[in-house]
């Protein structure tokens, strides 16, 4: 089979009632006897990349919508301004961690919506796949160096990276 042999068709259309800059869709198992479902993760902003030349501050918020294969909305959720849209800042993973046959949704959220880049307030959040309600939150490990060796290694890496960046910048600024 070749790529030009594949025929794509619209299966179902639904309205998200907003402009869409990015959209991801992942399957969610709602349990035995329940319909197949998709979790839509979307935002008005285009994909936000952490690369220094590509990053911009978002104007919209991440939204989640769980729909059935028939297009029925099971639940919706606005994640607010603290969770920066995009796969780099807002990873989402549905799977059945507790073994009950129903997927929970795991994602990285921010407990400090006024400061979206405050990684000290990022947490792993577990959402009930059937209701969209938060059923658990765990603080992410602190990445601050705790020992002199860790601190030295971090400074060494940062120093070499920063030195290269400033050396390049200095050469560009000093050029005739």
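Tabulated data
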| quantity | calculated |
| --- | --- |
| 1 or more residues more than 16 Å from the chain's Cα centre (by Cα): qualifying strands (runs of 3 or more DSSP E) within segment 1-107 | 22-28, 37-43, 63-68, 73-78 |
| Counted residues, segment 65-86 - those being under 20 Å from residue 114 (Cα atoms) and surrounded by fewer than 19 Cβ atoms within 10 Å (Cβ to Cβ) | 4 |
| Residues (touching a residue at least 60 places away in the same chain (Cβ under 8 Å) and surrounded by fewer than 10 Cβ atoms within 10 Å (Cβ to Cβ)) located in segment 1-50 | 32 |
| Selection status of residue 175, loosely packed, with under 11 Cβ neighbours inside 10 Å, at pLDDT 80 or above and more than 24 Å from residue 29 (Cβ to Cβ) | no |
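The values are calculated or read from the model by the stated rules, or taken from the named source; none is laboratory data. In this text the structure is predicted, and so the values were computed from the model without any measurement. Here the Cβ is made from the backbone with ideal geometry for all residues, glycine too, and neighbour counts use every protein chain on show.
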